[in-house]
Amino acid sequence: MTHQVHAFEPPERFVAGTVGPPGERTFFLQARGGGRLVSVALEKVQVSLLAEKLEELLTEAQRRFGVDLPELAPVIGDNEPLDTPVDEEFRVGTLGLAFDVDTATVVIEAIAAGEVEPEVELGDEDDDEDDVDDEEPDEDLDRLRVRLTPQATRQFIERARRVVNAGRPPCPLCGQPLDPAGHLCPRHNGYHR
């Protein structure tokens, strides 16, 4: 089976966004460019970690390579909804980040979640040590690869943080999301809060 690499180097637009009401939102990364539109689904925690790790990557690039970083802009950037149609190409399993020193750009790669097939071994076969899986994601999986300038990366980080924080507010005691009807807080031994 062939895999696709959706490369946007650079995209016209690359954003994190959601579809659905708070509590039922589906998170997406969406890239647009060259007449193409690619949307990939992922978890809220992945969007949050991506923003955090991109910030760390920019800081490290500045420290190690002297990259000029844009200041945090007080003006809200791209706040438009996701482009339609939002057709999920794949669900993200792994996110990869890199900084290309030659072009002073950030490379983000979203790799599809792989199908894990359980392996059943019968008998004593201790001589199969060559079949140990590497830490590298499978090369046969679909990918979304985006190359961003530090300025575009900073704008992506700010929007991703806004999208993550736009959901249900957290409970001040346990940190779990509060539903409009309340929730069963473990810190209150299951009583409604």
For region 128-146: of the residues being in contact with a strand residue (DSSP E or B) (Cβ under 9 Å, 6 or more places away or on another chain) and open to solvent by 60 Å² or more (accessible area, probe 1.4 Å), which is modelled with the lowest pLDDT?
ASP138
Determine whether GLY23 is modelled with pLDDT under 95, open to solvent by less than 80 Å² (accessible area, probe 1.4 Å) and among the small types (Gly, Ala, Ser).
yes
Counting just the residues of region 48-76 that are open to solvent by less than 90 Å² (accessible area, probe 1.4 Å), aliphatic (A, V, I, L, M) and farther than 17 Å from ARG147 by Cα, which one comes out modelled with the highest pLDDT?
LEU49
Could you tell me whether any residue of region 32-41 is open to solvent by 80 Å² or more (accessible area, probe 1.4 Å), more than 17 Å from VAL146 (Cα to Cα) and at pLDDT 95 or above?
no
Among the residues of region 69-82, are any assigned to a helix (DSSP H, G or I) and under 18 Å from GLU158 (Cβ atoms)?
no
Considering every residue within region 98-112, establish whether at least one is open to solvent by 60 Å² or more (accessible area, probe 1.4 Å), of a type outside the set (Gly, Ala, Ser) and in contact (Cβ under 8 Å) with a residue 60 or more places away in the chain.
no
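The values are calculated or read from the model by the stated rules, or taken from the named source; none is laboratory data. Given the structure is predicted, the values throughout are model-derived calculations rather than measurements. Counting neighbours? That spans all protein chains shown, and the Cβs are built from the backbone with ideal geometry, glycine included. Accessible surface areas use protein heavy atoms only, side chains included; no ligands, DNA or RNA. Shrake-Rupley method; radii C 1.70, N 1.55, O 1.52, S 1.80 Å.
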